[in-house]
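Remarks on the structure that follows.
The values are calculated or read from the model by the stated rules, or taken from the named source; none is laboratory data. Computed from a prediction, not measured in an experiment: that's the story for all the values here. A quick note on method: Cβ atoms are made from the backbone with ideal geometry, for glycine too, and the neighbour counts reach across all protein chains shown. Just so you know, the surface numbers come from the protein's heavy atoms only, side chains and all, with ligands and any DNA or RNA stripped out. Shrake-Rupley method; radii C 1.70, N 1.55, O 1.52, S 1.80 Å.
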Amino acid sequence: MAGMTWTFAPERVDTPDATALRRDYYDDVASRYWQRPATEAEIDEGLTNDGVELLTPPNGRFLVARYEGMAAGCGGVLLLDGERAELTRVFVRHAFRGTGGAGALMGHLEDAARELGARRMVLNTRLDLVEARALYGRHGYAEIPAYCEGPYMDIWYGKEL
């Protein structure tokens, strides 16, 4: 896949590509959590009132990553306060993993956070999401004390931008 190109652009969360990516993201993390495939109804329920509408200007951004024009990944940032943005919904479809897209997506999401005025990025994730945790570590994120709580949060990371 050498020579193939990734592009990254802000997109509304309700476009067909963004919606499909958000469904795939939720399917991936929920199926791993439940240790079985998530049903369509469970995915629908998980995406209901999930706060994704906050990932819009002026306090948030949602990016869609495309590989050779195909919707391949996504991620969002949300300004929490005058200093911090939260990284959320970082996902690359399995077929596109290993092509450098996740690392490039992280850079674009960090740039988006800076554009929102953030000086620090924070995030939370689960211990079983080992690929995500490895990605964050490779990009300079270090474990921090919990800044929020919820049922699907095991570990928190932060990074100065």
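Taking every residue in the range 122-145 that is touching a residue at least 60 places away in the same chain (Cβ under 8 Å) and pairing it with any residue that is charged (D, E, K, R) and assigned to a helix (DSSP H, G or I), at least 6 positions away or on another chain, the pairs with Cβ-Cβ distances below 8 Å are D128/R32; L129/R32. Quickly run through the range 27-77 and pick out the residues that are β-branched (V, I, T) and touching a residue at least 40 places away in the same chain (Cβ under 8 Å). Once the filter is applied, which keeps residues that are β-branched (V, I, T) and touching a residue at least 40 places away in the same chain (Cβ under 8 Å), the range 27-77 yields V29, T56, V64, V77.
Might you let me know whether the range 141-159 holds any residue that is surrounded by 11 or more Cβ atoms within 10 Å (Cβ to Cβ), in contact with a Pro (Cβ under 8 Å, 6 or more places away or on another chain) and of a type outside the set (S, T, Y)? There is at least one residue in the range 141-159 that is surrounded by 11 or more Cβ atoms within 10 Å (Cβ to Cβ), in contact with a Pro (Cβ under 8 Å, 6 or more places away or on another chain) and of a type outside the set (S, T, Y). Are any residues in the range 44-61 in a loop (DSSP other than H, G, I, E, B) and within 19 Å of E110 (Cα to Cα), and if so, which ones? Passing the criteria: L55, T56, P57, P58, N59. Being surrounded by 13 or more Cβ atoms within 10 Å (Cβ to Cβ) and of a type outside the set (D, E) is a description that applies to G75. Is there any pair with a first residue in the range 95-106 that is within 13 Å of A71 (Cα to Cα) and of a type outside the set (A, V, I, L, M) and a second that is open to solvent by less than 40 Å² (accessible area, probe 1.4 Å) and modelled with pLDDT of 95 or more whose Cβ atoms are under 8 Å apart and which are 6 or more apart or on different chains, and what are they? Hits for this filter: F96/Y67; F96/A72; F96/G73; G101/A65; G101/Y67; G101/A72; G101/G73; G101/V92.
The residue that is nearest to the chain's Cα centre (by Cα), among those in the range 109-145 that are small (G, A, S) and over 17 Å from L78 (Cα atoms), is A132.
If the condition is being closer than 24 Å to L161 by Cβ and either open to solvent by less than 40 Å² (accessible area, probe 1.4 Å) or of a type in the set (D, E) (or both), then the range 54-72 contributes L55, G60, F62, L63, V64, A65. Among the conditions (1) touching a Phe, Trp or Tyr at 6+ places or on another chain (Cβ under 6 Å); (2) of a type in the set (A, V, I, L, M, F, W, C); (3) open to solvent by 30 Å² or more (accessible area, probe 1.4 Å), the only one that W34 does not satisfy is (1).
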